[in-house]
Structure formats: C-alpha cells, structure tokens
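Here's the structure we're looking at; comments come further down.
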Amino acid sequence: MKYQSTIFLFLCGIVLTTYPMATVFSSPQVEGIGIAVFDVDATPPVGSQLTYDPMINSGDLTLRAKGIVLVGNGAPIVMCAIDWIGISNESQDLFKEALAVAAGTIPNRVVVHTVHQHDAPICDFTAEKMLKENNLPPGCFDGTFARELIGKLQESIRTSLKDVKKVTDIGLGSANVIEVASNRRIYKENGRIVKMRGSASNDSLLRSMPEGLIDPEVSLVSFWNNDTPLAVLSFYATHPQSYYLTKTTSPDFPGIARYMRQLAVPDALHVHFNGAGGNIAAGKYNDGSHETRLVLAERLANGMERAWRSTKKHKIGPEDMGWETENLFLPYQEKVKEIEKTMFQMNSRLLANNMGRLGWYNRRISGKGIETACLRIHDARILFMPGELFVEYQLAAKKMAPDHFVAMAAYGDYGPFYIGTEEAYKEGGYEIESSPVTYESEKVILKNIETLLSRSVSNSSDNQLTFRDQNGEISPVTNQTNQTK
C-alpha cells in the first residue's frame, strides 16, 4: 500500500503541474477507429549520464520517443517506443500511468518499449531510489531528465488528441531483411557456449560461422485514412548496436533506417519496435567500423521498403480491434539478491547492468508481476513483452497463430534483463550468466503468449492455435530448426 501511495502521489505531481485537473481524464469521442500520433525529442542535455558513459555530445540524429494513440472500441490504447537502452520497474509504472492520464485511459492499455540503443539513457526509478537510500550516487539512474520527458510526452499526447484522424484501413506487410541479424550463440562445443558473437566482430572464425536461428522478417503494420497513410509500426528482432561507448547519443542503425523510411513516406509517423532480439545481433555482418552503421541501416530500410510494397490493406471498424493483457510472473534466481551486498564495490557500468535486475527481483518477491499485452487489429496480433527475450519466443508466437499476422515487441519492462530458453540455460554464456530468471521461464512465457493469442483469436475452428505437441502440451521452443546461411 505504501508503494502504491508513493506512485499515486508522484504521478499527481506530474499531472497537476502540467494540466488542470478538469481536463485530465477526458478522452476523445470518435466514430469508428481513430488515431493520434506523437513524437518527442528524447535526447538528454550534454553533461547527462548515459547508460555507460557521461554524455559529451549529441549525434546528428536525435533520440526520439514516438507513438500512437488508438481510439474506438473501449478506452484509448497508447503504444510508445523510445530510443533508450531500457525502462524498468517503477519507471514502467510511472510512464504508463502518466501517459494513461494524458490519453484519458487506464495504465493497462498503455505499453512503453525501448529500441535498446546503448549510447542512450537508461531509466529505473526503483534503482535510483535504492542507490540514494544507500547513500550512493544515482549515476545513470538519475531520473531528472526522465521525469521531464514524461511531462513532454503527456503534453504531446494531449496535443495530438486534438487532431484525431479517422482510420478506414489497416495495412499488413512483411519482408526478409538481408545480412543484418545473426545469432550471437553460434559457437558451441559439447553443448556449451564457447564464445559469443556480439554486436560487432573482427573474429574471422565467428564471422564465417552460420547466421544461425533468427527471425529474418521485418513486419509492418500501417494505419490509413483511405489512400493516406497515417502511421507505420515496424517490428524487427536484433540488438541495434553497430558501435557504441562513444559518449555521443545515437539512435544507431535502426533509428537511421526509421529516419530513411520517414522521408520516404512523410505523411505517416514511423514508429519502430525491437522484437525478441536478446540473442540476436549484427555480429556476422558488422566489423564495428563507423562506415558499417550506414550499411546496416540501408539494409534494414531496404527490408522495410519491400515490406511496405508488399502491404495489403483491409477495411476495419471498431469490432476489428481489441486489447488483451495478462500478468507474467517469471521464476527468479535467488543469487540476484547478492547484488545488494556487492553494489558498494561496483563501478558505474556494473551498476548499470545490475541494479535493474535487483529492483526487478525485489518487486517480484513482493508479488509484483509484469503485464504483457496483445493488440488485435483485423488479422494482426501484436504482442508486447518484457526484457531481452530470445528470438525463439517470437518464432513460437508465430507458430501458435499461423493463420494470423503476428508481430512482437520486446524490451518493455527491462527489469528481467535476458530471458533465455530452457536449453539456453544448460548451454551457459553471457546472457544466461547475467539472467535473473530461471530455465523454468520458458514454460511460463509460452503459456503467457498462448493465453494472449487465444483470447484474441477467433473461436472458429479454422483459427485455433496449433502450436501443440501430440499430447496437447505447448511444444518447447527449442524444437525450432536453425536457419543457416
């Protein structure tokens, strides 16, 4: 109760300093489905602490916080993607509650995700509070600018809702992205990871190894008013780093690709979501040179362009849109609590990688879950998930509803960090060694995804979920067949 009261009082402080109470909870009334778009500069001022380094400069392209508000068939739905490395724990609560207030909706109809760029801020009010309570500097968890961004997002959403556009059609398209993503966990001996192929690699052996298991598709969901595109959401699973630790903010190659597509389709706001890319990066195709960043961006933009050209439009009404949520309670590793004893000896980079996990662990043992969501819009089912999910979960979701257009955004609540498969926990490796959850997470997440999809899929026999084994149980994701190149 004390925790909830703290959130409420903090949120009221944001709302009351920005808007008069009389206008806080109003929501637009539209006929059919409507959409409003918002786009805010999410670049902190020079001198701020980024996730791993102090910020000495801002890049040519600013970091953005972009999103849409969908109205019609219930309270408004808010979907936001931010060019930060992660937003965790209590920060997720406060972002969602503040954006809900601005849109005239409720927090469980709001999702806030990050694209996971590394030369960017991290946000975790739980970690900030723990550090201050232990007389440690908050460092990268200083939430001053994050609180300013929340206010700016509220203002932008409020303004956008004065100009809601009618949505007559939904567009769905996908295409393979060529030579960008590759699996990081490809080098194994005797069932164990030997070496990880990271975001960039100059190791000729690692570069020569197969692409490995990925989801090659970029998925596009677009909203139209007859022949005019209003917004485009793109979904692609990979770590977004070409190079980093430059002390200069950058949206990296996905942000550049998004910018290219924004120029190509200027009438529509382009919002990009990172998929389940926890074990995916550009390491096979990226030597880490500055020139390669643009190459990767062009390849991703090319995939987006082909997905755009393949888009098929469908007429929609309020009955074609729905929203499902489900609480996710991930099993936790007790070793995470040891961070509390060692944080006094950690440098700033170690704190950045550990405090969010500790905050998530403390919330989890207190009974706090993470809310997942699924947007149903015509044939599309868009899943919104936490952490750095392995790509197997995204591929599994697509198998569960093969007759539907399934896309996934991961990197919602960043608290649980890497979330591997049961097999991955046997193999070890960096992601598993730093994961605060256990191998049992696989069954819990698959069940969570299946529940969301089951509620949103039609009851007709042609649309039943099929990702089941012969005994009627959910099949393990490790039965996927590796793609190689």
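The values are calculated or read from the model by the stated rules, or taken from the named source; none is laboratory data. None of these values were measured; they are calculated from a predicted model. No Cβ is skipped: glycine too gets one built from the backbone with ideal geometry, and neighbour counts run over all protein chains shown.
Scanning segment 418-454 for residues that are in a loop (DSSP other than H, G, I, E, B) and under 13 Å from C374 (Cβ atoms) gives no hits. With the condition kept exactly as written, say whether any residue in segment 257-264 is at pLDDT 95 or above, closer than 24 Å to T43 by Cα and either in contact with a Ser or Thr (Cβ under 7 Å, 6 or more places away or on another chain) or basic (K, R) (or both). The answer is yes; a qualifying residue exists. Condition test on L136, is it crowded, with 17+ Cβ neighbours inside 10 Å and either part of a strand (DSSP E or B) or in contact (Cβ under 8 Å) with a residue 24 or more places away in the chain (or both)? Criteria not met by L136.
Filtered by the rule that a residue be surrounded by fewer than 22 Cβ atoms within 10 Å (Cβ to Cβ) and either touching a Phe, Trp or Tyr at 6+ places or on another chain (Cβ under 8 Å) or outside any strand (DSSP E or B) (or both), segment 44-60 gives P45, V46, G47, S48, Y52, D53, M55, I56, G59, D60.
Please work out if L153 is of a type outside the set (S, T, Y), closer than 30 Å to E217 by Cβ, touching a residue at least 60 places away in the same chain (Cβ under 8 Å) and surrounded by fewer than 22 Cβ atoms within 10 Å (Cβ to Cβ). Before the answer, list the steps.
Values: of a type outside the set (S, T, Y): yes; closer than 30 Å to E217 by Cβ: yes; touching a residue at least 60 places away in the same chain (Cβ under 8 Å): yes; surrounded by fewer than 22 Cβ atoms within 10 Å (Cβ to Cβ): no.
So L153 does not fit the description; no.
Please determine whether any residue of segment 312-326 is of a type in the set (D, E, K, R), in contact with a helix residue (DSSP H, G or I) (Cβ under 6 Å, 6 or more places away or on another chain) and under 20 Å from I377 (Cα atoms). Yes, there is a match, as at least one residue in segment 312-326 is of a type in the set (D, E, K, R), in contact with a helix residue (DSSP H, G or I) (Cβ under 6 Å, 6 or more places away or on another chain) and under 20 Å from I377 (Cα atoms). Does T478 satisfy the criteria of being over 23 Å from A181 (Cβ atoms), modelled with pLDDT under 95, over 17 Å from the mean Cα position of the chain (by Cα) and of a type outside the set (A, V, I, L, M, F, W, C)? The answer is no for T478.
Residues in segment 105-119 that are within 27 Å of Q345 (Cβ to Cβ) and touching a Ser or Thr at 6+ places or on another chain (Cβ under 6 Å): 1 in all.
Only residues that are among the small types (G, A, S) and surrounded by fewer than 18 Cβ atoms within 10 Å (Cβ to Cβ) were counted in segment 279-306, giving 2. Does S219 satisfy being of a type in the set (S, T, N, Q), under 26 Å from M321 (Cα atoms), in a strand (DSSP E or B) and at pLDDT 95 or above? Against the criterion (of a type in the set (S, T, N, Q), under 26 Å from M321 (Cα atoms), in a strand (DSSP E or B) and at pLDDT 95 or above), S219 qualifies. Can you find a residue that is more than 16 Å from the chain's Cα centre (by Cα) and closer than 22 Å to L452 by Cβ anywhere in segment 62-70? Yes, there is a match, as at least one residue in segment 62-70 is more than 16 Å from the chain's Cα centre (by Cα) and closer than 22 Å to L452 by Cβ. For segment 194-210, what are the residues that are within 23 Å of the chain's Cα centre (by Cα) and under 23 Å from E298 (Cβ atoms)? Those that are within 23 Å of the chain's Cα centre (by Cα) and under 23 Å from E298 (Cβ atoms): R197, G198, S199, A200.
One line per residue, one yes/no per condition, for (1) at pLDDT below 95; (2) assigned to a helix (DSSP H, G or I); (3) surrounded by 22 or more Cβ atoms within 10 Å (Cβ to Cβ); (4) not β-branched (V, I, T):
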position	(1), (2), (3), (4)
K162	no, no, no, yes
K166	no, no, no, yes
I170	no, no, yes, no
R185	no, no, yes, yes
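For every residue, the table says whether it meets (1) surrounded by fewer than 23 Cβ atoms within 10 Å (Cβ to Cβ); (2) over 16 Å from I377 (Cα atoms).
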site: L70; (1), (2): no, no
site: A75; (1), (2): yes, no
site: D83; (1), (2): no, yes
site: I87; (1), (2): no, yes
site: Q92; (1), (2): no, yes
site: A98; (1), (2): no, yes
site: A103; (1), (2): no, yes
site: R109; (1), (2): yes, no
site: V115; (1), (2): no, yes
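Examine segment 392-409 for a residue that is at pLDDT 95 or above, under 16 Å from R357 (Cβ atoms) and among the aromatic types (F, W, Y), and state whether such a residue exists. No, every residue in segment 392-409 fails to be at pLDDT 95 or above, under 16 Å from R357 (Cβ atoms) and among the aromatic types (F, W, Y).
Taking every residue in segment 167-180 that is more than 28 Å from S242 (Cα to Cα) and touching a residue at least 60 places away in the same chain (Cβ under 8 Å) and pairing it with any residue that is among the acidic types (D, E) and in a loop (DSSP other than H, G, I, E, B), at least 6 positions away or on another chain, the pairs with Cβ-Cβ distances below 9 Å are D169/D227; I170/D379; L172/D379.
Within segment 150-184, the set of residues being under 25 Å from A297 (Cβ atoms) and in contact with a Phe, Trp or Tyr (Cβ under 9 Å, 6 or more places away or on another chain) comprises G171, L172, G173, S174, A175, V177, E179, V180, A181, S182, R184.
Here is a yes/no grid of residues against (1) surrounded by 20 or more Cβ atoms within 10 Å (Cβ to Cβ); (2) in contact with a Pro (Cβ under 8 Å, 6 or more places away or on another chain):
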{"site": "V232", "(1), (2)": "yes, no"}
{"site": "Q241", "(1), (2)": "yes, no"}
{"site": "P266", "(1), (2)": "no, no"}
{"site": "N274", "(1), (2)": "yes, yes"}
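The single condition from (1) touching a His at 6+ places or on another chain (Cβ under 8 Å); (2) within 13 Å of A200 (Cβ to Cβ) that D287 fails is (1). Condition (residue is outside any strand (DSSP E or B) and among the aliphatic types (A, V, I, L, M)) applied to segment 232-240: is it met by at least one residue? Scanning segment 232-240, I find at least one residue that is outside any strand (DSSP E or B) and among the aliphatic types (A, V, I, L, M), so the answer is yes.
Condition check ((1) part of a helix (DSSP H, G or I); (2) out of contact with any strand residue (DSSP E or B) (no Cβ under 6 Å at 6 or more places or on another chain); (3) farther than 21 Å from L63 by Cα) across all residues:
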| residue | (1), (2), (3) |
| --- | --- |
| W84 | no, no, no |
| S91 | yes, no, no |
| E97 | yes, yes, yes |
| A102 | yes, yes, yes |
| H113 | no, no, no |
| M130 | yes, yes, yes |
| A146 | yes, no, no |
| K152 | yes, no, no |
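Scan segment 251-265 and tell me whether some residue there is within 17 Å of W84 (Cβ to Cβ) and part of a loop (DSSP other than H, G, I, E, B). Within segment 251-265, one or more residues are within 17 Å of W84 (Cβ to Cβ) and part of a loop (DSSP other than H, G, I, E, B).
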